[in-house]
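**Q** Sharing a structure here in structure tokens format.
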Amino acid sequence: QQQVKQSPQSLIVQKGGISIINCAYENTAFDYFPWYQQFPGKGPALLIAIRPDVSEKKEGRFTISFNKSAKQFSLHIMDSQPGDSATYFCAARGGSNYKLTFGKGTLLTVNP
Amino acid sequence: NAGVTQTPKFRVLKTGQSMTLLCAQDMNHEYMYWYRQDPGMGLRLIHYSVGEGTTAKGEVPDGYNVSRLKKQNFLLGLESAAPSQTSVYFCASSPGLVRGTTGELFFGEGSRLTVL
């Protein structure tokens, strides 16, 4: 049972464009929704995160949009740059044990 | 500040051999995790620990064992390696249930294991 579904699997965007990655979850007990960024040969690193009591969080060019009723959240990368090329994972956490459930990842390529 | 360090970074095993992956963190984190990453499968939790001396099963624990004898170290063992265990393994740590923290996971750079 996949608890966090992520799409698309891969995405190609031109420099300056908007990259959008979507995730959907099933477990209503999830209370924290982070996005992790992973460059080749490196471990994932936290990019931005949101809690379900807000609908949007923005940090620089990165924005999370959250729709609690639809159980969906998405990452928007404005003015995408070649340096943003990486794999992006959405995740969700619930309960007291701080376990994260990850989506399957999206490979983003930003062409110059 | 080294963060999370994994050793070894690369290893090739033959089917049936055993090995141990070592994870060390210097952030005094309570929680530690072992994930495996496979193409198209994302990150899947193998085992985790919420404190020294404790371990628990994750999503894909079969074929693996772990130990957390010291707070800063989390060992992942393969007793009899199988080709299906060919993967990139990531260790992570987090502060756990500490007020004012988000429970962010800090990952190591990974250990690439190939089982022939």
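The values are calculated or read from the model by the stated rules, or taken from the named source; none is laboratory data. Being a predicted model, the structure only gives us computed values, none of them experimental. Ideal geometry is used to build each Cβ from the backbone, glycine not excepted, and the neighbour counts take in all protein chains shown.
**Q** Would a scan of the stretch B:79-98 turn up a residue that is over 26 Å from A:Leu47 (Cβ atoms), surrounded by fewer than 19 Cβ atoms within 10 Å (Cβ to Cβ) and at pLDDT below 95?
**A** Yes - at least one qualifying residue is present in the stretch B:79-98.
**Q** While we're looking at this one, here's another question. Confirm whether B:Gly77 is more than 30 Å from A:Leu11 (Cβ to Cβ) and out of contact with any Asp or Glu (no Cβ under 8 Å at 6 or more places or on another chain).
**A** Considered against the rule, which asks whether it is more than 30 Å from A:Leu11 (Cβ to Cβ) and out of contact with any Asp or Glu (no Cβ under 8 Å at 6 or more places or on another chain), B:Gly77 comes out as yes.
**Q** Tally the residues that are at pLDDT below 95 and over 18 Å from A:Lys57 (Cβ atoms), restricting the search to the stretch A:10-39.
**A** The number of residues fulfilling the criteria is 4.
**Q** Name the residues in the stretch B:26-84 that are closer than 28 Å to A:Leu107 by Cβ, among the hydrophobic types (A, V, I, L, M, F, W, C) and in contact with a Pro (Cβ under 9 Å, 6 or more places away or on another chain), would you?
**A** Once the filter is applied, which keeps residues that are closer than 28 Å to A:Leu107 by Cβ, among the hydrophobic types (A, V, I, L, M, F, W, C) and in contact with a Pro (Cβ under 9 Å, 6 or more places away or on another chain), the stretch B:26-84 yields B:Leu43, B:Leu45, B:Ile46.
**Q** Still on this model: So which of B:Gly110, B:Gly63 is touching a residue at least 12 places away in the same chain (Cβ under 8 Å), surrounded by fewer than 18 Cβ atoms within 10 Å (Cβ to Cβ) and of a type in the set (Gly, Ala, Ser)?
**A** After ruling out the rest, the residue left standing is B:Gly63.
Every residue, every condition in (1) hydrophobic (A, V, I, L, M, F, W, C); (2) more than 20 Å from B:Glu59 (Cβ to Cβ); (3) crowded, with 21+ Cβ neighbours inside 10 Å, yes or no:
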{"residue": "A:Lys42", "(1), (2), (3)": "no, yes, no"}
{"residue": "A:Ala49", "(1), (2), (3)": "yes, yes, no"}
{"residue": "A:Arg61", "(1), (2), (3)": "no, yes, no"}
{"residue": "A:Asn67", "(1), (2), (3)": "no, yes, no"}
{"residue": "A:Phe73", "(1), (2), (3)": "yes, yes, yes"}
{"residue": "A:His76", "(1), (2), (3)": "no, yes, no"}
{"residue": "A:Gly83", "(1), (2), (3)": "no, yes, no"}
{"residue": "A:Leu107", "(1), (2), (3)": "yes, yes, no"}
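**Q** Can you find a residue in the stretch A:78-93 that is closer than 27 Å to B:Pro95 by Cβ, more than 10 Å from every other protein chain (Cβ to nearest Cβ) and at pLDDT 95 or above?
**A** Scanning the stretch A:78-93, I find at least one residue that is closer than 27 Å to B:Pro95 by Cβ, more than 10 Å from every other protein chain (Cβ to nearest Cβ) and at pLDDT 95 or above, so the answer is yes.
**Q** Filter the stretch A:23-43 down to the residues that are of a type in the set (Ser, Thr, Tyr) and over 30 Å from B:Thr5 (Cβ atoms), then identify the one that is farthest from the other protein chains (Cβ to nearest Cβ).
**A** Result: A:Thr28.
**Q** Here is a follow-up. Tell me, which strands (runs of 3 or more DSSP E) lie completely within the stretch A:60-112 with 3 or more residues that are out of contact with any Phe, Trp or Tyr (no Cβ under 6 Å at 6 or more places or on another chain)?
**A** Passing ranges, in order: A:62-67, A:72-77, A:106-111.
**Q** Turning to a different aspect of this structure: Taking the residues in the stretch B:25-49 that are free of Cβ contacts under 8 Å to residues at least 24 places away in the same chain and either more than 8 Å from chain A (Cβ to nearest Cβ) or surrounded by fewer than 21 Cβ atoms within 10 Å (Cβ to Cβ) (or both) as candidates, determine which candidate is nearest to the chain's Cα centre (by Cα).
**A** Step by step, filter the stretch B:25-49, then rank; the result is B:Leu45.
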